[in-house]
Amino acid sequence: MTPFDRLKRWVSPGAKPAAPTPVAEQKFSKAGPLISLHFVGRPMWTPRDYAGLAREGYARNPVVYRCVRLISEAAASVPWLLYDGAKELDTHPLLDLLNGPNPRQSGPEWLEELYGHLLVSGNAYVEAVSDGEQVRELYALRPDRMKVVPGPEGWPEAWDYTVAERFVRFNADEKPLRPILNLNLFHPLNDYYGMAPIEAAQVSLDVHNAASAWAKSLIDNSARPSGALVYQSKDGSNLSDDQYSRLKKELEDGFQGHGNAGRPLLLEGGLDWKSMSLSPRDMDFIQAKRDAAREIALAFGVPSMMLGIPGDNTHANYQEANKAFWRLTVLPLIARTAKALGGWLGPVFGDDLKLSYDTDQVDALAPDRDALWTRLEAATFLTDDEKRAAVGYGPKPTEAATVRSNPPSRAQKPVSDDDATSGDDASNVDIEDDDLPDNEAQVAATSDTGDGGNFEPQDDSDDIDDDLNDGPYGPLTDDPDGDLQHTYQLNDDDSY
């Protein structure tokens with residue numbers, strides 16, 4: 001009750017208070033306002049320098065580059081599957097959109113860019129372009145240009161995309177769907193941005209880059225540690241500043257670098273060369289570089305054997321390493337992406353659509369599929385439909401079947417003395433259906449003369465065709481082999 005209502009009730013004691021105005025139910029997290037207490041309407045910048053991670057990691061480090069390429073290319077190569085309930089759809093506008101998201105990129109190219117952003121920065125953003133009714137195009141936006149604008153409930157209410165001090169704001173309440181899909185990797189200390197694998201391996205990244213720089217410096221200095229020139233004068237005097245500068249410049253110009261390796265050093269009076277060497281343990285930076293490379297690969301989930309790093313015998317062979325790479329790294333990434341894209345785009349294209357992926361197209365998993373099919377083939381207690389369901393297929397469809405009916409054999413049943421009667425033609429014999437093969441029994445049934453099952457062979461095959469055309473399965477058709485055949489639809493109750 002408002003203060004104005006209380007005043008009216010005090011002035012008019014008999015008046016009834018006005019009924020409260022119904023308020024629409026709203027649901028939001030209780031912790032949301034605490035999260036957004038200091039950030040309402042203000043952009044949250046990425047906590048790490050994305051340009052620095054991309055430059056020092058992806059652009060300069062071969063291990064990071066190969067890890068990102070391996071994962072993104074493998075994940076983008078797996079085809080999508082779309083289901084409407086339990087029915088798989090071969091064609092659908094959503095599949096067409098994912099296979100051709102925009103005029104500039106194909107489906108795999110767009111997915112490679114999306115996965116690359118996610119692996120390098122821990123965040124990936126997808127923009128949906130619609131005409132007000134349907135989504136027409138999809139674009140991957142650079143994470144370093146995107147900023148999250150939190151709302152009062154703690155969830156993002158908008159996204160700002162900034163380029164050259166100009167920005168575009170995408171509001172979360174736009175129709176027919178939210179214009180931005182945000183994919184991020186788990187970050188324990190940030191509510192809006194994900195944590196990239198490079199951040200976890202940043203120390204190893206610096207060690208690996210420093211080891212490469214150390215090796216480059218050794219090559220520039222004739223591939224050995226430097227030494228010292230010692231000046232020993234007879235009167236105990238030192239070199240003058242001009243003499244010191246001239247000597248240093250001559251050493252740098254004439255003896256430094258791989259092009260001057262092995263060049264003899266000419267010393268003047270009083271100068272002596274003292275070589276400074278390092279112990280083998282101090283010089284073992286190659287092993288330190290390999291250890292750093294292994295830690296970087298571990299952060300990305302790529303087996304070091306696939307990167308050519310020696311000294312790691314975790315996997316028996318390359319095939320097992322490749323299988324572990326797909327099972328533990330690639331497929332979980334595809335699964336979470338399919339869930340996110342399906343939950344975001346699915347309601348626009350249909351209520352019961354489910355986006356999945358086709359693992360049958362993955363060559364690395366072929367041995368697992370062969371083992372599964374072998375076990376199912378040996379499982380006699382399962383029906384064909386249950387076996388198909390175990391490998392991801394639907395029930396076996398009902399197909400048209402062809403049952404061939406051969407003309408009756410001219411070789412008649414041997415005539416016994418009891419069967420032969422005087423005055424009757426020897427060719428008239430009693431033939432029971434049980435004595436004939438199934439197809440000939442069917443012919444006998446459809447060509448019955450009505451005299452108690454006695455079948456009288458006809459000399460003219462055209463008469464047989466005329467009789468069989470009236471059979472229970474419809475007219476007969478000619479077969480190139482000269483046989484006769486019935487074509488009909490098999491049902492569960494049919495037997496032959």
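The values are calculated or read from the model by the stated rules, or taken from the named source; none is laboratory data. This is a predicted model, so every value here is computed, not measured. Cβ sites come from the backbone with ideal geometry, for glycine too, and all protein chains shown count toward neighbours. Note: areas computed on protein heavy atoms with side chains; ligands, DNA, RNA excluded. Shrake-Rupley method; radii C 1.70, N 1.55, O 1.52, S 1.80 Å.
Can you find, within the stretch 302-324, the residue that is nearest to A76 (Cα to Cα) among those that are of a type in the set (G, A, S) and open to solvent by less than 30 Å² (accessible area, probe 1.4 Å)? Residue satisfying both the conditions and the ranking: A324. Here is the figure for the stretch 116-151: residues that are open to solvent by 20 Å² or more (accessible area, probe 1.4 Å), of a type in the set (G, A, S) and either within 16 Å of Y192 (Cα to Cα) or not in a loop (DSSP other than H, G, I, E, B) (or both) total 1. The lone criterion from (1) surrounded by 12 or more Cβ atoms within 10 Å (Cβ to Cβ); (2) modelled with pLDDT under 90 left unmet by A213 is number (1). Of all the residues in the stretch 374-416, those that are within 20 Å of E88 (Cβ to Cβ), at pLDDT 75 or above and either in a helix (DSSP H, G or I) or open to solvent by 80 Å² or more (accessible area, probe 1.4 Å) (or both) number 11. Scanning the stretch 94-107 for residues that are closer than 16 Å to Q134 by Cβ and surrounded by 16 or more Cβ atoms within 10 Å (Cβ to Cβ) yields L94, L95, L97, L98, P101, N102. Any chance you could count how many residues in the stretch 184-210 are at pLDDT 90 or above, farther than 15 Å from L53 by Cβ and part of a helix (DSSP H, G or I)? Here the count works out to 0. Taken over the stretch 163-183, the criterion of being surrounded by 15 or more Cβ atoms within 10 Å (Cβ to Cβ) and in a strand (DSSP E or B) is satisfied by F170, I180, L181, N182, L183. Restricted to the stretch 325-344, and to residues there that are aliphatic (A, V, I, L, M) and within 19 Å of E113 (Cα to Cα), the residue that is surrounded by the fewest Cβ atoms within 10 Å (Cβ to Cβ) is A335.
Okay, residues lined up against (1) surrounded by fewer than 21 Cβ atoms within 10 Å (Cβ to Cβ); (2) part of a loop (DSSP other than H, G, I, E, B); (3) β-branched (V, I, T); (4) modelled with pLDDT of 95 or more:
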{"residue": "E56", "(1), (2), (3), (4)": "yes, no, no, no"}
{"residue": "S72", "(1), (2), (3), (4)": "no, no, no, yes"}
{"residue": "Y83", "(1), (2), (3), (4)": "yes, no, no, no"}
{"residue": "E109", "(1), (2), (3), (4)": "yes, no, no, yes"}
{"residue": "L114", "(1), (2), (3), (4)": "no, no, no, yes"}
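Applying the set (1) among the small types (G, A, S); (2) open to solvent by 40 Å² or more (accessible area, probe 1.4 Å); (3) touching a residue at least 60 places away in the same chain (Cβ under 8 Å) to G154 leaves exactly one unmet item: (2). Of the set (1) closer than 21 Å to T337 by Cα; (2) under 27 Å from the mean Cα position of the chain (by Cα); (3) modelled with pLDDT under 90, all apply to W155 but (2).
Within the stretch 293-330, can you find the residues that are closer than 29 Å to L181 by Cβ and free of Cβ contacts under 8 Å to residues at least 40 places away in the same chain? Result: R327, L328.
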